[in-house]
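Please treat every number below as a calculation from the coordinates, not as lab data. Just so it is clear, the structure is predicted and the values come from calculations on it, not from any experiment. Note that we place each Cβ from the backbone using ideal geometry, even for glycine, and neighbour counts take in every protein chain shown.
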């Protein structure tokens with residue numbers, strides 16, 4: 001177990017907890033104990049975040065690794081839904097605890113439950129729970145905690161945070177900033193591991209393999225890039241970028257898929273104005289050697305286009321406007337495409353940040369940068385390197401989940 005520490009920091013820590021107890025006058029609630037004979041894990045969830053993305057794979061992996069595992073959920077804003085896998089896999093072996101927001105309640109809950117370990121998931125720092133578990137000798141593991149938001153500022157609060165972190169046996173940091181903050185707060189470096197974040201691992205979207213093979217044979221030897229679900233302004237910018245690319249790669253092919261409603265006439269006019277040739281997917285024509293653009297108005301075959309194109313510009317990210325539903329960044333990443341995108345991250349801010357942070361996507365800010373990126377990524381080695389990095393990001397979450405599960409179960413075995 002991590003040491004309890006001493007000195008002024010330790011005194012501030014315990015005074016803080018005793019003040020919390022003094023301010024709380026409500027009686028300790030009844031604690032339900034999950035059914036079964038297997039080891040029990042108390043899992044603390046972040047407040048104000050419904051069903052955090054990291055919960056789904058971690059809980060599923062824990063229950064798969066230990067079929068008899070029992071789980072008591074604490075923290076959070078509501079009980080986990082069935083999509084976490086907890087209820088659907090073992091409903092009788094999970095319970096939801098009342099708030100453990102002072103030392104007395106936390107100690108009472110731990111005494112009744114007798115968990116083999118505590119896993120703190122997310123950005124919260126549940127000081128009473130940490131103190132109670134450390135006092136009893138229950139191992140504590142913290143994962144998926146971005147400590148920049150968890151650690152409160154000010155001397156007194158920093159002292160409390162330092163004392164709380166010092167009682168955690170293993171901190172699995174999702175990024176270097178969190179690992180550095182833990183070290184700055186005095187956590188033994190041997191108890192800190194930078195695992196990377198748990199990402200939303202997604203199954204590749206489906207595509208017609210027979211059709212892919214036919215089109216790949218027809219387009220063999222040609223550089224192909226995809227523009228997925230663009231706004232009209234982005235589609236026109238992409239046409240200009242493709243026109244520029246044809247000056248040095250005259251056999252390049254652009255696939256334009258998932259167009260905004262009513263935009264096709266203006267797009268076809270731009271193709272004509274630029275002196276290029278295009279075919280429509282809905283006409284069921286096979287691309288000929290002199291065809292330069294393939295246009296699919298709908299987005300129903302996006303899985304096919306991702307598989308054909310080693311480079312993909314994700315629309316809706318560069319120029320605002322009407323567009324189809326934004327594509328998840330991990331869709332092209334999971335299928336081996338090098339990704340170009342703009343700064344409008346929308347609902348996928350975290351995913352784009354993960355890709356950009358790993359140099360696994362090409363961020364562009366305007367039409368000129370898009371044109372440059374299309375040219376650069378027509379070089380096979382550059383596109384392949386970017387695509388490999390993106391694939392590593394979108395699939396690396398599974399390895400992080402395995403590491404969190406392994407560390408948690410190992411800590412629990414040490415107490416049993």
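Odds and ends about this structure:
- Helix axis angle, 55-65 relative to the chain longest principal axis, alpha carbon, degrees: 70
- Here the simple spin-label model places points 7 Å from the Cα toward Cβ, and for residue 135 and residue 372 these points are separated by 6.0 nm.
- For the range 244-323: rounded, prolate or oblate by the Cα gyration tensor [a/c cutoff 1.5]: rounded
- Additional length obtainable on full extension of the chain from residue 247 to residue 216, 0.36 nm per residue less Cα span: 8.9 nm
- Inter-label distance, residue 112 to residue 202: 4.2 nm, where each label sits 7 Å from its Cα along the C-beta direction.
- Global form of the range 209-395, assessed from the alpha-carbon gyration tensor, a/c cut-off 1.5: rounded
- Residues in the range 374-394 reached by a label modelled at residue 64 [backbone nitrogen below 18 Å; 7 Å Cα→Cβ]: 394
- In the elastic network of the chain, a GNM with C-alpha springs shorter than 10 Å, the most mobile of 169, 283, 291 is 283.
- 0 to 90° range, to nearest 10: angle between helix 7-23 axis and the chain longest Cα axis: 90
- Subtracting the Cα-Cα distance of residue 358 and residue 385 from their residue separation scaled by 0.36 nm leaves 8.5 nm.
- Residues 348, 330, ranked from the fewest to the most other C-beta atoms within 10 Å, line up as 348, 330.
- Sorted by Cβ density within 10 Å, fewest first, the residues 394, 312: 394, 312
- Of 270, 178, 337, the sequence from fewest to most neighbouring Cβ atoms within 10 angstrom is 270, 178, 337.
- Three-way shape label, the chain, alpha-carbon gyration tensor, a/c 1.5: prolate
- One Cα centroid belongs to the range 163-194, the other to the range 249-265; the line between them spans 49 Å.
- Acute angle (nearest 10 degrees) that the helix 232-245 long axis makes with the longest principal axis of the chain, alpha-carbon atoms: 60
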